[in-house]
Amino acid sequence: MTSLYEEISPDPPDNVPVRRVTMTVNGEKRAADVEPRLLLAHLLRYGFMLTGTHTGCDTSNCGACTVLFDGKAIKSCTMLAVQADGHDVETVEGLATASELHPIQEGFKHEHGLQCGFCTPGMMLAAKALLDENDDPTEDEVRWAMSGNLCRCTGYQNIVKSVLWAAEKLRAEGRS
Amino acid sequence: MTQALDEIKIGGLGASRKRVEDNRFVRGKGNYVDDIVLPGMLHMEILRSPMAHARIRSIDTSKAWAIPGVRLVLTGEMMATRNLAWMPTLSYDTQAVLATDKVRFQGQEVACVVADDPYIAKDACEAIVVDYEPLPVIVNPRQAMAEGAPLIRDDKENQHDNVVYDWEVGDRAGTDRAFEQADLVSKLELHYPRSHPSPLECCGSIADYDRSTSKLTVYMTTQAPHIVRAAVALVAELPEHMIRIISPDLGGGFGNKVPVYPGYVISILASILLEQPVKWIEDKTGNLISTGFGRDVYLRGELALRKDGKILGVRMHTDADHGAFFSDAQPSKFKIGLMHSAFACYDVPTAHLTARGMYTNKAPGGVAYRCSFRVTEAMFFQERMVQAAADDLGMDQAEFRRLNFVRDDDFPHRTPFGFLTDSGQYGKCLDVGLEAVGYQDFLRQKEEAKKEGRLLGIGISVMTEPLGAGNSREYDILGIKMFDSAELRVHMTGKAILRTGAKSQGQGHETTWAQIVSHELGIPAEDIVVEEGDTDTAPFGMGTYASRSTPVAGAAVAMVSRKIRAKARKLAAHLLEVSEEDVEWELGRFYLRSAPDRGVTIQECAMAAYSNMPDGMEPGLENVSYYDPPNLTWPFGCYIATVEVDPETGVWDVLNMVAVDDCGVRINPMIVEGQIHGGLTEGFAKSSMQWITFDEEGNCIGSNFMDYLIPTAWETPRFELLETCVPSPHHPIGAKGVGESATVGSPAAYVNAVIDAVAHLGVRNIDMPLLPDRVWSAIQSAPSG
């Protein structure tokens with residue numbers, strides 16, 4: 001991170017080790033000096049200000065923090081930032097272009113696949129990981145692939161429809 | 001001739017309009033409390049008690065203070081010097097903010113640290129040394145009532161036992177007579193276990209006290225920002241106009257974000273002391289073990305029956321486990337909430353309920369979680385008792401219900417507990433459900449399957465429930481009456497901003513409120529922006545819970561729109577140069593009765609309000625409406641589940657789940673269906689896997705999502721939704737509450753289905769959650785199992 005001015009604590013903690021990490025986030029190269037214990041989710045949220053990655057449960061159960069790590073869906077609340085050094089990370093902010101939503105985002109809106117929106121970024125990235133591997137999943141395959149992500153509002157029925165809607169659109173557009 | 005507006009096309013009433021809020025949510029651009037960063041912001045962490053009941057001998061914070069980056073360490077003793085160690089609850093009890101004398105449940109707030117970053121704050125919490133002297137622990141009402149039980153609330157003068165209240169309603173003598181005359185008395189004892197709403201987003205706040213302006217701004221996860229402002233004004237003795245509560249996007253609520261928690265209060269004090277913004281974000285364990293839960297009620301229920309199946313009387317006794325403090329955020333004058341709404345859909349001549357509330361060494365609460373103040377327990381108990389009674393009589397489930405329903409022409413109907421139901425068609429609702437599920441066919445399949453050793457079951461649950469607190473006669477919080485509000489400003493180009501006193505947590509108010517305005521004024525919904533949650537800008541309202549948004553705030557939206565229309569009519573008459581009486585209204589347009597082609601649109605009226613008003617008329621086109629509903633709304637529904645139980649493992653699968661909901665006029669059918677899906681899932685969760693329990697030492701089992709099981713897309717059944725529509729007779733657009741209906745009604749359907757599958761073996765009840773081992777054990781220990 002570069003800045004003209006960065007305030008330093010007058011009372012610096014002793015011996016806090018710092019590691020420089022470099023990674024590609026949503027196609028852009030990013031670097032940061034981090035404590036080795038910093039979680040990837042926290043680097044994304046509080047360091048890079050990509051607050052679309054949510055933390056829900058702290059134990060890898062709810063999946064609100066799901067991001068794509070070298071193309072695979074992972075829970076960023078239980079991965080250290082230093083583990084992401086040299087890797088490729090994609091967050092919800094990387095899905096849409098300035099003018100156009102990704103078909104998965106369109107699908108969630110079209111099929112009412114969200115209510116409070118808190119689980120939605122993780123859900124959509126889990127869906128992307130699925131559709132990147134399987135462009136024509138069955139309902140059961142979608143349910144299984146999404147079973148690492150919890151939603152408290154929707155009862156999943158419309159989330160499943162959203163993913164199937166997106167799969168169809170991606171196939172129709174020849175993007176799958 | 002001008003073309004009349006198509007209401008569906010402009011996004012009015014009945015349009016399945018796509019949600020406005022989704023545009024930011026799908027981009028990851030929601031703005032939840034933890035997404036907010038203020039300059040100079042510090043981070044707060046709470047140290048919680050590992051013990052359920054223990055005296056605090058000492059707290060040593062010296063090691064925490066020594067950690068670089070720590071700005072403040074607070075204990076109960078320090079809070080007490082500011083008279084903030086305890087706070088009043090919304091149920092007129094007191095609750096510890098930070099413990100001073102002893103801890104009363106595992107997870108109770110003991111100390112807090114404010115530091116430069118959250119990692120340092122957590123480190124410092126671990127460095128605090130608390131010396132506890134363990135005390136005997138009480139984890140259920142039976143232990144709480146036992147002779148010689150330790151006194152949990154020894155802080156309260158005149159409290160000599162663990163009883164919170166002893167309360168009754170109904171006609172004791174009349175009910176006793178009905179039981180004397182009964183041919184048969186059907187009895188059932190049930191436990192509705194403790195469950196936690198656990199919205200994915202935990203609670204949190206950012207308190208920002210500005211010494212230079214004396215203004216306190218608090219961003220917080222609250223479903224009721226105005227109530228919080230009132231509470232802070234009363235507790236912290238800050239002037240109300242210097243308090244601004246902002247509830248940004250909420251990651252779910254379900255009642256968990258109604259109470260005022262210690263964390264909020266401490267972050268406010270910390271910000272005042274440090275004169276810097278202080279952020280507190282709870283972790284999932286903190287949320288699960290310390291914040292508002294739902295249920296935890298034991299029932300002894302009895303039905304007096306005539307042998308032809310008529311219910312002659314209802315007797316209920318409930319023991320509710322309230323945890324260590326009576327902090328129910330419920331606005332009724334009834335101690336056990338709306339438990340006595342049970343049996344409202346049945347024509348019951350007489351009924352009596354006794355209810356006892358007990359303190360235990362568990363987290364405080366009981367009324368959260370899509371339940372409208374214990375309507376969830378009421379309807380579950382009702383429908384389980386009804387099934388047991390039908391079994392005892394040897395009658396068909398559906399027939400027994402039909403025989404006892406309040407008839408369609410018998411409204412308004414006074415229930416034996418005193419509620420006034422205003423509408424319903426319960427028999428029709430049941431028929432729609434039975435037809436969809438193929439009732440008679442299923443009964444035949446069940447008998448066939450039995451011959452092969454397979455266990456099929458069908459469970460029915462029918463109920464009507466009071467949703468939408470309140471009316472101001474019977475419902476208030478801290479004396480503030482349960483009205484709600486809407487303010488509408490129509491700009492000169494006919495675009496508008498609407499603000500209400502409610503607060504969406506996923507319900508989609510930004511979408512649906514605009515649809516009500518659109519219905520009333522003909523302004524396209526996309527021309528109306530909706531804002532909520534900021535007490536500096538929104539009119540005073542009581543917030544969103546108990547399915548009250550549409551019944552109360554939604555009604556206010558319709559009423560304020562009508563006020564705007566009344567003024568627009570005057571403007572139209574002025575523009576058309578006729579008298580007001582000669583002007584007629586159709587959607588979006590006033591026209592001359594004698595010459596319908598001559599008219600002006602609502603947009604033209606809006607422009608005139610700012611540029612061409614008649615002499616003597618106040619300029620502008622803005623208004624506000626405060627709505628006090630004449631009654632609760634009474635949605636009703638029928639839920640029917642079919643299941644197959646594996647006798648070898650106790651595992652049960654839902655074969656079919658049919659929900660027939662009548663919530664009156666639907667503003668946005670897509671959103672209503674989404675809410676019903678969510679409710680059915682939470683009903684499934686509670687009946688199958690989701691519960692909070694405690695070991696003998698008061699350790700919470702279910703303190704994280706590895707132990708507290710929440711269904712995923714894989715376990716959750718598919719749902720078939722149907723509807724009937726009896727409009728609410730008193731709501732301005734005929735709508736009724738719906739957000740909680742399926743959570744209230746569906747658990748009994750799932751449980752009744754499993755019991756139905758094993759009833760012939762002699763199983764009468766299995767308490768929720770129906771975990772495979774419980775089902776298996778029940779089958780094994782049944783007389784014919």
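Taken together, the values in this text are just the output of simple stated rules run on the coordinates, not laboratory data. Keep in mind it's a predicted model, so treat the numbers as computed, not measured. Because the Cβ atoms are built from the backbone with ideal geometry, glycine has one as well, and the counts that use them run over all protein chains shown.
A few comments on the model shown:
- Within chain B, helix-based [θ] at 222 nm, where runs of 4 or more DSSP H residues each add -39,500 (n - 2.57), nearest 500: -8500 deg cm²/dmol
- Pairs beyond 20 Å (Cα-Cα), from A:K109/B:K9; A:K169/B:K9; B:K187/B:K307: A:K169/B:K9
- The residues neighbouring B:E448, those whose beta-carbon lies less than 14 Å from its own, together hold a net charge of +1 under the Lys/Arg +1, Asp/Glu -1 convention.
- At 0.692 mPa s and 37 °C, Stokes D of the stretch A:103-172 from Kirkwood alpha-carbon radius, µm² per second: 286
- Against the rule of thumb 2.2 N^0.38 Å, how large the Cα Rg of the stretch B:631-769 comes out: 1.20
- Whole-number percent relative contact order across chain B, with pairs defined as alpha carbons under 8 Å at least 6 apart: 16
- Convex hull volume per residue, computed on the Cα atoms of the protein assembly as shown, equals 193 Å³.
- Spatial separation of Cα centroids for the stretch B:193-256 and the stretch B:307-334, in angstrom: 30
- Nonlocal amide H pairs with B:K215, under 5 Å, H built at 1.01 Å: B:D210
- Members of B:K279/B:K563; B:K310/B:K446; B:K481/B:K563 lying beyond 30 Å, as alpha-carbon distances in this model show: B:K279/B:K563
- Residues whose placed amide H lies under 5 Å from that of B:V763, excluding near-sequence neighbours: none
- Spherically averaged projected area in nm², based on the convex hull that wraps the Cα atoms of chain B: 36.5
- Phi angles of the stretch A:127-132 translate, via the Karplus equation with coefficients 6.51, -1.76, 1.60 and θ = phi - 60°, into HN-Hα couplings of 5, 5, 4, 5, 5, 5 Hz per residue; Gly and Pro are given as x.
- Taking Lys and Arg as +1 and Asp and Glu as -1, the other residues whose beta-carbon sits under 9 Å from that of B:V375 total -2.
- The mean number of Cβ atoms from other chains found within 10 Å of a Cβ in peptide A:155-165 is 5, as a whole number.
- The stretch B:556-565 - phi-based ³J(HN,Hα) in whole Hz, Karplus 6.51/-1.76/1.60, Gly and Pro as x: 4, 5, 5, 5, 5, 4, 5, 5, 4, 5
- Summed residue charge, Cβ within 15 Å of B:K284's Cβ, Lys/Arg positive, Asp/Glu negative: -2
- Using C-alpha pairs below 8 Å separated by at least 6 residues, the relative contact order for the stretch B:1-115 is 31 percent.
- Summarising the overall dimensions of the stretch A:19-94 from its C-alpha atoms, the Rg and Dmax are 10.8, 29 angstrom.
- Sparsely packed trypsin sites (Lys or Arg not before Pro) within the stretch B:435-542, loop by DSSP, other Cβ within 10 Å at most 14: B:R473
- Positive-end ranking of B:I206, B:V114, B:A146 along the dipole of the stretch B:98-221, with charges on Cβ about the Cα centre, is headed by B:I206.
- Per residue of peptide B:250-257, the mean number of Cβ atoms on other chains within 10 Å of the residue Cβ is 4.
- Taking the Cα centre of chain B as reference, the dipole from Cβ charges on Lys and Arg (+1) and Asp and Glu (-1) amounts to some 520 debye.
- Kirkwood Rh, angstrom, chain A [1 / mean 1/r, Cα pairs]: 17.1
- Computed over the stretch B:313-371, Cα set: Rg, Dmax in Å: 13.0, 40
- Rel. contact order, % - alpha carbon contacts under 8 angstrom, at least six apart, chain A: 21
- Whole-Hz couplings from phi, Karplus 6.51/-1.76/1.60, listed for the stretch B:421-434; x for Gly and Pro: 7, 10, 6, x, 9, 5, x, 5, 4, 4, 4, 4, x, 5
- DSSP-defined beta bridges in chain A - what % are antiparallel, rounded to 5: 90
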